[in-house]
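The values are calculated or read from the model by the stated rules, or taken from the named source; none is laboratory data. This is a predicted model, so every value here is computed, not measured. Note that we place each Cβ from the backbone using ideal geometry, even for glycine, and neighbour counts take in every protein chain shown. Heads up: the accessible areas ignore ligands, DNA and RNA and are worked out on the full protein's heavy atoms, side chains in. Shrake-Rupley method; radii C 1.70, N 1.55, O 1.52, S 1.80 Å.
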Amino acid sequence: INDFSYLHTNCFELSIYVGCDKYPHESELPEEWENNRESLIVFMEQVHRGIKGIVKDVHGKGIPNAVISVEGVNHDISTGK
C-alpha cells in the first residue's frame with residue numbers, strides 16, 4: 001500500500017521494522033524502544049527538511065489541484081482541494 005499511496009496520492013507512508021520479530025511480545029517492547037529510540041527520534045526530526053509550503057494565487061487563496069514538479073524528480077504531486 002505504501003507504493004500505491006506514494007504514486008497515486010500525496011501521501012508518503014513508511015513502514016519501519018526495527019527487529020527480526022514482526023510481533024514481539026509485550027515484555028520485549030521496552031528493550032526494543034531503548035535499542036532504537038535515538039535513531040527513531042532523529043528520523044522523525046527529518047520531517048523538517050525539504051521544501052514545504054502553500055500554493056496561493058495573487059489574492060492569497062489556496063490553489064486546489066495545482067501540479068508541483070521538481071526538476072530531476074520523476075514524480076509530480078498536486079495540492080489538495
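All but one of (1) in contact (Cβ under 8 Å) with a residue 12 or more places away in the chain; (2) over 13 Å from the mean Cα position of the chain (by Cα) hold for TYR17; state the number of the condition that does not hold.
Condition not satisfied by TYR17: (1).
Tally time: how many residues in the stretch 41-55 are open to solvent by 90 Å² or more (accessible area, probe 1.4 Å) and either closer than 29 Å to LYS22 by Cα or outside any loop (DSSP other than H, G, I, E, B) (or both)?
Selection size over the stretch 41-55: 5.
Taking the options GLU38, GLU13, name whichever one is acidic (Asp, Glu) and either open to solvent by less than 100 Å² (accessible area, probe 1.4 Å) or in a loop (DSSP other than H, G, I, E, B) (or both).
None of the others qualify; the one that does is GLU13.
Tell me which of these VAL58 doesn't satisfy, since it passes every other one: (1) exposed (fewer than 10 other Cβ atoms within 10 Å of the Cβ); (2) assigned to a helix (DSSP H, G or I); (3) of a type outside the set (S, T, N, Q).
(2)
Quick one: would you say LEU7 is outside any loop (DSSP other than H, G, I, E, B) and open to solvent by 100 Å² or more (accessible area, probe 1.4 Å)?
yes
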